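Coordinate-derived values only; no laboratory data. These numbers come from a predicted model, not from an experiment. Heads up, the Cβs are rebuilt from the backbone with ideal geometry, glycines too, and the neighbour counts pull from every protein chain shown.
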Amino acid sequence: MSATGVPDAPAPRAPRRTTISNPYLHRLQRRHFLLFDIAPIIGTVAAVGFLFVQPIGIVDVVLFVTMYLLTGLGITVGYHRLFTHRTFTAHPSVTTVLAVLGSMAGQGPVISWVALHRRHHECSDSDGDPHSPNLSGDGIRGALTGLAHSHFLWMRRHDYPNIVHYAPDLLKNRRLTRVARLYYWWVALGLLGPAVVAGLMYQSWTGAIAGLLWGGLVRMFVLEHVVWAINSFLHMFGTKPYRSRENSRNGGIFAVLTLGESWHNNHHAFPESASFGLDWYRLDPGYWVIAALAACGLVTDVRRPTPERMSAKRMSNRQGESA
Ligand SMILES: [Zn+2]
Ligand SMILES: [Zn+2]
């Protein structure tokens, strides 16, 4: 109330913070980095050493490939194309399965992952991008520092995107919040599941250890570096068929390995598209899965850019045309 008896105007609200930084969050980030980013490196080295105890068998190879596909699809189809960009609508059971499979990859709980990735699209290759390789200075030294930062090192400590700001839609989804709350259990399931299967198949403890290593830690290591390479190398090297404001690139040669994620310039140009390959002849296993789920009626409203929108954004230079 003012001295004249007239009620004061309400104080203007402070703008909502888009990122949060505090010692507790940074402790959690460091713990996650050690547990799920450093431990898989150690596990991979151990797996190579373990070859002297038990040579790699068909069970280990099948577990590695199966778990790679399941968790990789959880990331690209679930975390990325569905939860971050809403490129299609899924039946609730599909939503839950994709969120669980993505969690098993060990790349963070679904809501945090989505918030970080939405911030990446908002600030791509400019101030605020959590993992740009292009902001660390000029020359070879700047490029190498940028690559190391964007590939891996940024995860040790970073500003945390405010999930109320970046992911309010997901916070309203009780299924997803429940899956996110159980994140550490899902990662454990992704490690122990292959160990149990291999232990039963080989009928031995050494078999169980081989399953833990190849279906768990080595699989996690390989998928992590494949996904991180999109953030690092594909914001620096590759072809750029479409105009987009950041430095995203396509790396078509890695399309199968990345389950379609390596069409990264296509994705930045048309983030609303469920298809990253865009054209039928560009391999995009993630989109094939979405199309198969749509054929079964489990997925609807699959979004793709119109040919007019694609040609409006197409670069006119020859390098772009041939990409
Ligand atoms: Zn994206
Ligand atoms: Zn990007």
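Relative to the longest principal axis of the chain, what angle (0 to 90°, nearest 10) does the C-alpha long axis of helix 58-73 take?
10
Scan around Gly277 for amide H atoms under 5 Å from its own, H built in the peptide plane at 1.01 Å from N, and keep only partners 5 or more places away or cross-chain.
none
Would you please give the FRET efficiency between Thr96 and Arg245, computed as 1/(1 + (r/R0)^6) with r the Cβ-Cβ distance and R0 = 41 Å, to the nearest 0.05?
Numbers: r = 35 Å, r/R0 = 0.85.
Given R0 = 41 Å and the Cβ-Cβ separation, E is 0.70.
Between Asp279 and Leu28, what is the spin-label point distance in nm, taking each point 7 Å from the Cα along the Cα→C-beta axis?
Between Asp279 and Leu28, the simple spin-label model gives 4.4 nm.
Quickly estimate the mean residue ellipticity at 222 nm for the chain, helices only: each DSSP H run with n ≥ 4 gives -39500 (n - 2.57), and the total goes over all residues, rounded to 500. Each step should come with its number before you reach the end.
Details: 16 runs with 165 residues, N = 323.
The helix-only estimate for the chain comes to -15000 deg cm²/dmol at 222 nm.
Given the chain, what whole percent of its Cα pairs are spread farther than 32 Å?
33
Multiply the residue gap between Thr177 and His121 by 0.36 nm, knock off their C-alpha separation, and tell me the result in nm, one decimal place.
Working: separation 56, 0.36 × 56 = 20.16 nm, distance 2.27 nm.
Separation in residues times 0.36 nm, less the Cα-Cα distance, equals 17.9 nm.
Can you give the angle from 0 to 90° between the axis of helix 285-295 and the longest principal axis of the chain, with both taken from C-alpha atoms, to the nearest 10?
Long axis of 285-295 versus the principal axis of the chain: about 80 degrees.
Between 0 and 90 degrees, rounded to the nearest ten: what's the tilt of helix 110-123 against the longest Cα principal axis of the chain?
50
Sort Ile56, Ile140 so that the residue with the fewest other Cβ atoms within 10 Å of its own Cβ comes first and the one with the most comes last. Let's see the in-between values first.
Numbers: Ile56 16, Ile140 7.
Ordered from fewest to most neighbouring Cβ atoms within 10 Å, Ile56, Ile140 come out as Ile140, Ile56.
Run the dipole for the stretch 22-322 about the Cα centre, Lys and Arg Cβ at +1, Asp and Glu Cβ at -1, nothing else charged, and hand back the magnitude in debye, nearest 20. Walk me through the numbers before you get to the answer.
On the way: 27 positive and 18 negative charges, 104 e Å.
Its charge dipole is roughly 500 debye.
Sequence gap at least 6, Cα distance under 8 Å: using those rules, report the relative contact order of the stretch 22-322 to the nearest whole percent.
Details: 475 pairs, mean separation 65.2, N = 301.
Across the stretch 22-322, relative contact order equals 22 percent.
Under 20 Å from a point placed 7 Å out from the Cα of Asp301 along the Cα-to-Cβ direction: which residues of the stretch 163-192 have their backbone N that close?
Counting only backbone N, you get 166-177.
In percent, what relative contact order does the stretch 88-184 have, based on Cα pairs under 8 Å that are 6 or more apart in sequence? Write down the numbers at each step before the final one.
Details: 94 pairs, mean separation 31.7, N = 97.
Computed value for the stretch 88-184: 33 percent relative contact order.
Work out the FRET efficiency for Arg141 and Val222 from their Cβ-Cβ distance, taking R0 = 35 Å, and round it to the nearest 0.05. All intermediate terms of the calculation are to be shown ahead of the outcome.
On the way: r = 29 Å, r/R0 = 0.82.
Once the sixth-power term is evaluated, E becomes 0.75.
Treat every Asp and Glu Cβ in the stretch 191-272 as -1 and every Lys and Arg Cβ as +1, leave all other atoms uncharged, and give the resulting dipole magnitude about the Cα centre to the nearest 20 debye. Walk me through the intermediate numbers first.
Working: 5 positive and 4 negative charges, 44 e Å.
With Lys and Arg at +1 and Asp and Glu at -1, about 200 debye.
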